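> Got a structure for you, written out below as structure tokens; questions coming shortly.
The values are calculated or read from the model by the stated rules, or taken from the named source; none is laboratory data. Because the structure is predicted, anything quoted here is derived from the model rather than measured. FYI the Cβ positions are ideal-geometry reconstructions off the backbone, even for glycines, and counts take in every protein chain you see. Accessible surface areas use protein heavy atoms only, side chains included; no ligands, DNA or RNA. Shrake-Rupley method; radii C 1.70, N 1.55, O 1.52, S 1.80 Å.
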Amino acid sequence: MSSASATRTIKFISKAGTYAALIMCPSGDIYQEWEGTLQDITAIRPNFATTQPILYFVCTSSRVAEGIATPDSIDYYFNGTKITWNGDTSTGTFAGLFKKISPSGDNLYYGIQILANIAAAAGYAPAVIKMVASISYGTQSDSIQASYTIPIQQATGSSYRVTIAAGDSKNFVITDKGGSCILKALAYQSGNLLSQNLTYAWEKMGASGWAAISGQTSQTLTVAGTDINTYGEYRATVYRDGAEIGKDIQGVMDASDPYDIDPHPSPEDEAITEDTSGNGVVTYTPIVVKRGSNTKALDTTFYFVIKDAAGVYLNSDSDRATAKASCDVTRAHCQQAGGDVSITITAKD
């Protein structure tokens, strides 16, 4: 059984307003598995030369009336090394592995397309793609970044993989008032898409944790803008012949929502170091702002859910169920998760 989720959100207070950036993949979570030994790789799946997945950088700003903010430019990094380009195709160390995507026509986002298998370039270990965008507002400018972790590991037997893909062309983003988007759960075995003897269960992340969505047992789930406030998370569990084979988590952004949560992290880089001589805690003291403004719009408290990439809770039941003004994410949370953690902030109704 597998459980997967992308590392996706970095938020901060900038001179040009409140930004929220995520990296989204409309085809579902990206991963690679390899067979054989490191001295004799016999197979890699899925074959990125065939699937060629795309990662989009989705950014919203409290100062943009329609919600979506388009960067002036964007830089891409693979495992910390900046990717260089010849036109739109990567060159140098990563020659031919990537293609740049720019906003055009119906596509609103910058992004990167993977053109070939990346397992070897990553040393057959997990890879991180980071995007750093430059954004200007009037005479002011800022940068914002987001990262996406790609699991790369040795295949074990007939492994299952569950991922949530976009069931439409909206890339998990609702941009129109009264709009919606579709999530679609996909299950794979040894890289092959499954379609028989499958059943599904959907859950939504709420103030006190995951809650089953009554009556939603089909492969797809339609999420309306009225279902979430600015950002919501959904989890799909897939069963084969009644036995669970995996689950996945996917975020949905409502860029049409009139309100944003300005998370006010301290420090602003939201970084916790493993070295105890460095920073060991990030404190969030959020406020609700009306889109187009960075001033407080509502007096409210918030529910905080801290979890690892698989959706496992890292704060207690009582802590998740208690609305409060601030929340600390600590080094202990990161150590418990074995890496990056995420925090979901929900305003109390």
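> Of Ile345, Ile68, Tyr239, whose Cα points farthest to the positive end of the dipole of the chain (charges on the beta-carbon: +1 Lys, Arg; -1 Asp, Glu; origin at the Cα centre)?
In the chain, that residue is Ile68.
> Here's another thing I want to ask about it. So how much accessible area does Asp88 have, in Å² to the nearest 10, using a 1.4 Å probe?
Rounded to the nearest 10, the figure is 80 Å².
> With +1 on each Lys and Arg Cβ and -1 on each Asp and Glu Cβ, and nothing else charged, work out how big the dipole of the chain is about its Cα centre, in Debye to the nearest 20. Intermediate values should be presented prior to the final figure.
Numbers: 25 positive and 34 negative charges, 62 e Å.
Computed charge dipole of the chain: roughly 300 debye.
> Related question: Using 0.36 nm per residue, how much length does the chain from Asp319 to Asp75 gain when fully extended, once their Cα-Cα distance is taken away? Can you show the working numbers first?
Details: separation 244, 0.36 × 244 = 87.84 nm, distance 3.82 nm.
Stretched out fully, the Asp319 to Asp75 stretch lengthens by 84.0 nm.
> Give me the log10 of I(q) over I(0) for the stretch 22-98 at q = 0.15, 0.20 Å⁻¹, as the Debye formula computes it from C-alpha points; what are the numbers?
For the stretch 22-98, the Cα-only Debye profile gives -0.76, -1.13.
> Sorted from largest down, give the three principal axis spans of the alpha carbons of the stretch 164-255, whole angstrom values.
Taking max minus min along each principal axis of the Cα atoms, the stretch 164-255 gives 39, 31, 20 Å.
> What does the charge dipole of the stretch 190-299 about its Cα centre add up to, to the nearest 20 debye, if the Cβ of each Lys and Arg holds +1 and the Cβ of each Asp and Glu holds -1? Display every interim value, and only then the final one.
Working: 7 positive and 16 negative charges, 93 e Å.
Charge dipole, the stretch 190-299, about its Cα centre: 440 debye, nearest 20.
> Something else now. Normalise the Debye intensity by I(0) for the stretch 234-349, one equal point scatterer per Cα, no solvent, then take log10 at q = 0.10, 0.16, 0.21 Å⁻¹ and round to two decimals.
-0.38, -0.88, -1.24
> Report, to two decimal places, the Cα Rg of the stretch 74-225 normalised by 2.2 N^0.38 Å (N = number of residues). Working shown, then result.
On the way: Rg = 18.9 Å, N = 152, 2.2 N^0.38 = 14.8 Å.
Taking the Cα Rg and dividing by 2.2 N^0.38 Å, one obtains 1.27.
> Another question, if that's okay. Could you pull out every one of the lysines with an alpha carbon less than 17 Å from that of Lys204, ignoring same-chain neighbours closer than 8 positions?
The qualifying lysines are Lys184, Lys247, Lys307, Lys348.
> Taking the Kirkwood radius as the inverse of the mean 1/r across Cα pairs, report the Rg/Rh of the stretch 132-205. Don't skip to the end; give the middle numbers.
Working: Rg = 18.4 Å, Rh = 16.5 Å.
Here the Rg-to-Rh quotient is 1.12.
> Further question on the same structure: How long are the three semi-axes of the equivalent ellipsoid of the stretch 49-134, in whole Å, if each is the root of 5 times an eigenvalue of the C-alpha gyration tensor, listed from largest down?
Whole-Å semi-axes of the equivalent ellipsoid: 25, 13, 12.
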